[in-house]
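Colleague: Quick one: this structure, given as structure tokens, is what I'll be asking you about.
The values are calculated or read from the model by the stated rules, or taken from the named source; none is laboratory data. Keep in mind the model is a prediction, meaning the values are calculated, not measured. All Cβ positions, glycine included, derive from the backbone under ideal geometry; neighbour counts span all protein chains shown. Only protein heavy atoms, including side chains, enter the accessible area calculation; ligands, DNA and RNA are left aside. Shrake-Rupley method; radii C 1.70, N 1.55, O 1.52, S 1.80 Å.
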Amino acid sequence: MKYVCELCGWEYDPAEGDSEGGIAPGTAFADLPDDWTCPVCGAEKDQFSPA
Amino acid sequence: MRPVEIAPNVFEVGVRDWNIRDFHGYSTPAGTTYNAFLIRGETNVLIDTVKAEFTEELLSNIRAIMDPKDIDIVVSNHTEMDHSGGLPRIMAAVGQDKPLYCSKMGAKNLARHFRENWNLKEVSSSEEISIGSGRTLMFIETRMLHWPDSMFTYLKEDGILFSSDAFGQHYAGSEIFDDQMDMSELLFHAKKYYANILLPFSALIAKLLKAVGEMGLKLNMVCPDHGILWRKDPGVILDAYDRWSRQETQNKAVVIYDTMWHSTEMMADAIVSGLVEAGVEQVRPISVRRSHRSDIMTEIMDAKVVMVGSPTLNNQIFPALMDVLTYMKGLKPQGKIAAAFGSYGWSGEAVKLLNAELAGMGFELPEEGLRIQYVPERDQLTLCHGLGMRMGLRAQGREV
């Protein structure tokens with residue numbers, strides 16, 4: 001499932017992961033490390049909601 | 001203009017852009033300013049710079065107080081080019097190795113904007129640095145207000161908040177402070193600024209105001225990067241931001257429309273009379289081709305009702321109206337009721353399309369809208385009047 005950042009609107013797509021944050025494609029949002037932040041605006045994980 | 005000492009050893013060294021009339025899609029009939037601040041003491045501090053083409057004027061303002069080489073640290077509250085554009089030349093004059101303080105996202109952004117090998121010092125919220133002379137700078141991250149990198153710098157002992165783009169206005173006069181200006185004019189410019197720049201971040205602003213309130217910061221002066229500085233009563237702008245961030249609405253309706261052969265305009269007139277008869281205190285009919293989108297947005301921000309009228313042009317909404325709707329959508333106004341109307345020649349899709357646009361913005365649509373073929377007749381104008389009347393009553397929570 002995709003998650004969207006409530007601050008800046010960036011979308012986390014598990015299929016793509018987050019190369020900048022060292023997150024491999026296929027990583028579910030729930031499996032992201034707790035200290036992972038939005039690559040665009042730096043929002044914390046709890047500021048994301050299901051897209 | 002020459003620098004002004006706004007507090008002992010604190011100077012406004014920025015520049016006035018008297019002639020700018022369009023700030024990337026925002027109309028600025030009174031120009032704007034790019035404020036920058038210089039603190040003189042054991043550690044000399046420059047906070048923010050100006051748009052690149054004004055850098056020489058900034059340097060000359062700095063030179064009126066000190067040699068730029070004597071600046072010890074530079075703070076960048078916001079990477080947008082109207083505040084950072086002067087950084088390359090300023091850092092060259094100040095010294096490339098001098099510390100440049102910014103937020104974590106600011107460091108990322110500065111690197112992407114300038115590709116310079118600066119001595120970036122990332123700071124996080126509540127972090128403090130002593131600048132000697134009994135003074136302390138504190139940083140407050142304000143992410144997404146309105147860029148990821150945004151932050152405030154607070155001069156603790158003096159109670160001065162350098163608030164970057166928050167609390168600003170696009171206004172350039174000879175005045176420096178709130179007490180030198182007519183308050184209603186100043187608040188108008190501040191409101192337009194909020195409606196066009198900060199509105200989408202209202203929920204974050206409400207949170208920030210609460211957090212700053214809880215920190216118990218004394219605020220003797222609020223110094224934004226654009227326009228007039230608040231020193232007489234910063235509470236005025238803080239209260240206004242409190243209202244605006246809650247998207248408080250007035251007993252007010254805005255009727256925006258475009259028209260081809262005056263038929264939709266006739267409908268708008270009848271709707272306006274219905275709204276007035278329902279007791280709506282401020283009714284603002286606006287032809288979108290005769291008004292700037294940023295002025296329209298200022299009117300919409302505190303309206304409870306938004307009526308949108310468009311003829312159908314080749315099965316579509318009129319382009320000038322779509323310009324305003326696209327702009328409005330991005331600014332995310334909340335808590336409004338809306339209805340669509342329009343005249344048409346053959347098939348008349350505009351009202352249906354407008355409904356979809358308005359629903360997509362989260363407006364409540366209690367009516368299906370009104371479409372009239374060719375030129376409205378008397379009884380059809382009565383229908384328009386009725387639509388205005390019902391929307392006006394709903395806006396006030398009265399029986400329809």
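Let's see how each residue does on (1) at positive phi; (2) in contact with a helix residue (DSSP H, G or I) (Cβ under 7 Å, 6 or more places away or on another chain); (3) modelled with pLDDT under 95; (4) open to solvent by less than 10 Å² (accessible area, probe 1.4 Å):
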| residue | (1), (2), (3), (4) |
| --- | --- |
| B:R16 | no, no, no, no |
| B:R21 | no, no, no, no |
| B:H24 | yes, no, yes, no |
| B:P29 | no, no, no, no |
| B:T32 | no, no, no, yes |
| B:I47 | no, no, no, yes |
| B:V50 | no, yes, no, yes |
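Colleague: Give me the residue from region B:86-106 that is under 15 Å from B:T43 (Cα atoms) and hydrophobic (A, V, I, L, M, F, W, C) and, out of that set, farthest from the other protein chains (Cβ to nearest Cβ).
Modeller: The qualifying residue farthest from the other protein chains (Cβ to nearest Cβ) is B:V94.
Colleague: Restricting the first residue to region B:360-372 and requiring it to be more than 21 Å from B:P311 (Cβ to Cβ), which pairs with a second residue that is of a type outside the set (K, R) and part of a loop (DSSP other than H, G, I, E, B) meet a Cβ separation below 7 Å and a spacing of at least six or different chains?
Modeller: B:G362/B:Q334
Colleague: Counting only residues that are more than 14 Å from chain A (Cβ to nearest Cβ), surrounded by 16 or more Cβ atoms within 10 Å (Cβ to Cβ) and either charged (D, E, K, R) or outside any loop (DSSP other than H, G, I, E, B) (or both), how many does region B:128-146 have?
Modeller: 6
Colleague: Can you tell me which residue in region B:328-340 is farthest from B:G388 (Cα to Cα), limited to those that are touching a residue at least 40 places away in the same chain (Cβ under 8 Å) and crowded, with 17+ Cβ neighbours inside 10 Å?
Modeller: By that ranking, first place goes to B:L331.
Colleague: Name every residue in region A:29-46 that is in contact with a Cys (Cβ under 7 Å, 6 or more places away or on another chain) and either open to solvent by less than 40 Å² (accessible area, probe 1.4 Å) or of a type in the set (D, E, K, R) (or both), in order of residue number.
Modeller: Listed by number, the residues that qualify are A:C38, A:C41, A:A43.
Colleague: Out of all the residues in region A:1-37, which are in contact (Cβ under 8 Å) with a residue 40 or more places away in the chain, part of a loop (DSSP other than H, G, I, E, B) and either among the aromatic types (F, W, Y) or within 14 Å of chain B (Cβ to nearest Cβ) (or both)?
Modeller: Selection gives A:E6, A:L7.
Colleague: Same structure again: Pairs please, first residue from region B:305-326 and aliphatic (A, V, I, L, M), second anywhere and open to solvent by 20 Å² or more (accessible area, probe 1.4 Å) and outside any strand (DSSP E or B), Cβ atoms under 6 Å, 6+ apart in sequence or on different chains.
Modeller: Pairs found: B:V305/B:A395; B:I317/B:L353; B:A320/B:R289; B:V324/B:R293; B:L325/B:E357.
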